[in-house]
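What follows is one structure encoded as structure tokens, with my remarks underneath.
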2 protein chains.
Amino acid sequence: MDSIVQILKQNNLSVTEGRRKILSLFLNSNGALAHADIEKNTHSHFDRVTVYRTLQSFVDKGIIHTIPTSDNSIKYALCKDECGEGHHHDHHVHLVCTRCGNTFCLDNVVTPTVKLPRDYTIQQVEVVVKGICKACNNQ
Amino acid sequence: MDSIVQILKQNNLSVTEGRRKILSLFLNSNGALAHADIEKNTHSHFDRVTVYRTLQSFVDKGIIHTIPTSDNSIKYALCKDECGEGHHHDHHVHLVCTRCGNTFCLDNVVTPTVKLPRDYTIQQVEVVVKGICKACNNQ
DNA sequence: AAATATTTGCAACAATGTTTCTTTTTTTAT
DNA sequence: ATAAAAAAAGAAACATTGTTGCAAATATTT
Ligand SMILES: [Mn+2]
Ligand SMILES: [Mn+2]
Ligand SMILES: [Zn+2]
Ligand SMILES: [Zn+2]
């Protein structure tokens, strides 16, 4: 069976053209995608609302995760860790390349531990590095 | 001289009612502010465009900095480090309280060092912690 | 194949952000 | 203090982004 269909079924999502296509975009992209990237790559074949809903359901199911940015543009990327419905466990660092503008999950770079004063409780640590990506550095 | 006026003059910004009021909001707030918070606190006394432009000029001058979020909502907070026109040097951790929803600069918590593979270049590291803030923990 | 459940697209709306231009305010020079 | 120059604010129009309710279409279950 198609691995895309498999992922959708495993997550109790009914298999529709939009979900198949959008999931395949993530599987075939090495960087993170914004809503606009998806609209563009699908040539607006799907309604904007459908794209929003699809992204949201993928996040809910733990198939993709969001990446924080400083400029009001959510980026989404495939979860490669043990994420599932209702719980994300993405403990890796993200890189925003200031040259090509792409955002990447550095799956092998774990988030450093942060020590806060006693009064605070840590639930999750997000690390976003601005810098130059591999591809841009090698040219 | 009023310290607010002083800050504006030091940064070569002409002193206007809007800038004075918005800067004082930041000086009197212990957390970060979103555009909407400012609109609300000024009772929409200033045009929305003016608020956008004021925030942008403050960021440009290094008076305030933006804080990345995962939900498409830019937060702004006073720069307490050595920031200036064209260069921000905010090396502290940010905390988003999942109970009260506020965002705080933890000025005393320096961002941990991150080690990336040789192919990458680091320019800036942003750390956002989700958790419970001091005030919420002590009640 | 029919019944049921789910998803989609559409429309209308709300919120957020940008651009251009005129008026007003602030700053500088006299 | 006044006039000239510079800068900022406000208004309007528009663009982009995100949300909600509902009927039609599609997918899943029986
Ligand atoms: Mn990631
Ligand atoms: Mn800060
Ligand atoms: Zn790059
Ligand atoms: Zn709190």
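Of the peptides B:25-38, B:84-97, A:92-105, how do they stack up when ordered by the mean number of other Cβ atoms within 10 Å, highest first?
Highest mean packing first, the order is A:92-105, B:84-97, B:25-38.
Using a 1.4 angstrom probe on heavy atoms only, work out the carbon and sulfur share of the accessible area of the protein assembly as shown in %.
Summing carbon and sulfur atoms, their accessible area is 46 percent of the total for the protein assembly as shown.
Using the Cα centre of chain A as origin and beta-carbon charges of +1 (Lys, Arg) and -1 (Asp, Glu), tell me which of A:CYS79, A:THR42, A:GLN10 is placed farthest towards the positive end of the dipole.
Farthest along the dipole direction, towards plus: A:THR42.
Using a 1.4 angstrom probe, figure out how much accessible area chain B has per residue, in square angstrom, rounded to the nearest whole.
55
What residues have an amide H closer than 5 Å to that of B:CYS100, excluding those fewer than 5 places away on the same chain, when H is modeled at 1.01 Å from N in the peptide plane?
Result for B:CYS100 returns B:CYS133.
Residue by residue through segment B:54-66, what is 3J(HN,Hα) from phi via Karplus (6.51 cos²θ - 1.76 cosθ + 1.60, θ = phi - 60°)? Round to whole Hz and write x for glycine and proline.
Those phi angles translate into 5, 4, 4, 5, 5, 5, 4, 7, x, 8, 10, 10, 8 Hz.
Residues with amide H under 5 Å of B:ALA34's amide H, sequence separation 5 or more or different chain, H placed in the peptide plane at 1.01 Å from N; which?
So B:ALA34 has HN proximity to B:TYR76.
Between B:ASN12 and B:GLU85, how many nm apart are label points set 7 Å from Cα along the C-beta direction?
So the label points at B:ASN12 and B:GLU85 sit 0.2 nm apart.
Can you work out the Karplus-derived ³J(HN,Hα) for every residue in segment A:91-107? Use 6.51 cos²θ - 1.76 cosθ + 1.60 with θ = phi - 60°, whole Hz, and x for glycine or proline.
9, 10, 8, 10, 10, 9, 7, 7, 8, 8, x, 6, 10, 10, 8, 9, 4
Could you work out how far apart the two model spin labels at B:HIS43 and A:ASN72 are, taking each label as a point 7 Å from the Cα in the direction of the beta carbon, and quote it in nm?
2.6
Taking chain A as a Gaussian network, Cα atoms linked when under 10 Å apart, which of A:TYR120, A:TYR52, A:TYR76 shows the biggest mean-square fluctuation?
A:TYR120
For the protein assembly as shown, report the % of Cα-Cα distances exceeding 23 Å.
Tail of P(r) above 23 Å: 60 percent of Cα pairs.
Let me have the relative contact order for chain A, percent, based on Cα pairs under 8 Å that are six or more residues apart.
18
Given the options B:SER70, B:SER57, B:SER24, which has the most mean-square fluctuation in a GNM of chain B, springs set between C-alpha atoms less than 10 angstrom apart?
B:SER70
The values are calculated or read from the model by the stated rules, or taken from the named source; none is laboratory data. Being a predicted model, the structure only gives us computed values, none of them experimental. Glycine gets a Cβ as well: all are built from the backbone with ideal geometry, and neighbour counts include every protein chain shown. The accessibility values were calculated without ligands, DNA or RNA, using every heavy atom of the protein model including side chains. Shrake-Rupley method; radii C 1.70, N 1.55, O 1.52, S 1.80 Å.
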